[in-house]
Amino acid sequence: MSMFDGIDKVSSTGGGSRLTPGKHRFLINALKAPPGLRTGRCFIAEMTVVSTTSSNYVEGQSVSWVRNRDGKFPELALGEIKNFVAAAANCDENTVGPAECDAAVAENQPFAGRMVDCDAFDKPFKSDSSKVFTKAIWSPVE
């Protein structure tokens, strides 16, 4: 059973990220899904900043993007993972399923060395518009 079971049935349009708002280009160093983290199953993208519009990052800085599969909103996490993997693979997100995500985090690291673009922006919570989260939209580098 894959931790990504159900990813082929969700959309990548919902959810949030804790990235800094801005337009970013990242070099993928590694994609991981380590077992047994204290917070549950997670998808981790370890990346290097190639370019950014954010003053919070500098070129060459290492960053990580983490999605908790076992968190409060697992469907949102799956949608965000699907969006990321589709961008890294430069494919339509409807072709991303559990097998493709398992392959993405495999020991041979098929996406290491690839770049992805990220448009991160603040978005208000539906339940309380005075609070915001940072939403990340991932796309392949053209």
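The values are calculated or read from the model by the stated rules, or taken from the named source; none is laboratory data. Note that the coordinates shown come from a computational prediction; the quantities given were computed from them, not determined experimentally. Neighbour counts run over all protein chains shown; Cβ positions are idealised from the backbone, glycine included.
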Take the residues in the range 36-92 that are assigned to a helix (DSSP H, G or I) and of a type in the set (D, E, K, R); name whichever of them is nearest to the chain's Cα centre (by Cα). Glu80
Output yes when any residue across the range 69-79 is at pLDDT 90 or above and surrounded by 17 or more Cβ atoms within 10 Å (Cβ to Cβ), and no when none is. yes
Given the criteria closer than 25 Å to Lys123 by Cα and in contact (Cβ under 8 Å) with a residue 60 or more places away in the chain, does Val58 qualify? no
Would it be correct to say that Gly113 is surrounded by 12 or more Cβ atoms within 10 Å (Cβ to Cβ) and in a loop (DSSP other than H, G, I, E, B)? no
All positions within the range 110-124 that are within 12 Å of the chain's Cα centre (by Cα) and at pLDDT below 95: Ala120
Would it be correct to say that Phe125 is out of contact with any Cys (no Cβ under 7 Å at 6 or more places or on another chain) and free of Cβ contacts under 8 Å to residues at least 24 places away in the same chain? yes
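With respect to Glu107, is the statement that it is charged (D, E, K, R), under 25 Å from Pro34 (Cβ atoms) and within 14 Å of the chain's Cα centre (by Cα) true?
Working: charged (D, E, K, R): yes; under 25 Å from Pro34 (Cβ atoms): yes; within 14 Å of the chain's Cα centre (by Cα): no.
No.
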Could you please tell me which pairs satisfy a Cβ distance under 8 Å, a separation of 6+ or placement on different chains, a first residue in the range 72-83 that is under 15 Å from Ser2 (Cβ atoms), and a second residue that is modelled with pLDDT of 90 or more? Ala77/Phe43; Ile81/Phe43; Ile81/Cys101; Lys82/Glu93; Lys82/Val96; Lys82/Cys101
Which of the residues that make up the range 116-142 are more than 17 Å from Ala30 (Cβ to Cβ), surrounded by 15 or more Cβ atoms within 10 Å (Cβ to Cβ) and β-branched (Val, Ile, Thr)? Thr134, Ile137
If you go through Cys118, Cys101, the only one that is touching a residue at least 60 places away in the same chain (Cβ under 8 Å), hydrophobic (A, V, I, L, M, F, W, C) and in contact with a Leu (Cβ under 8 Å, 6 or more places away or on another chain) is Cys118
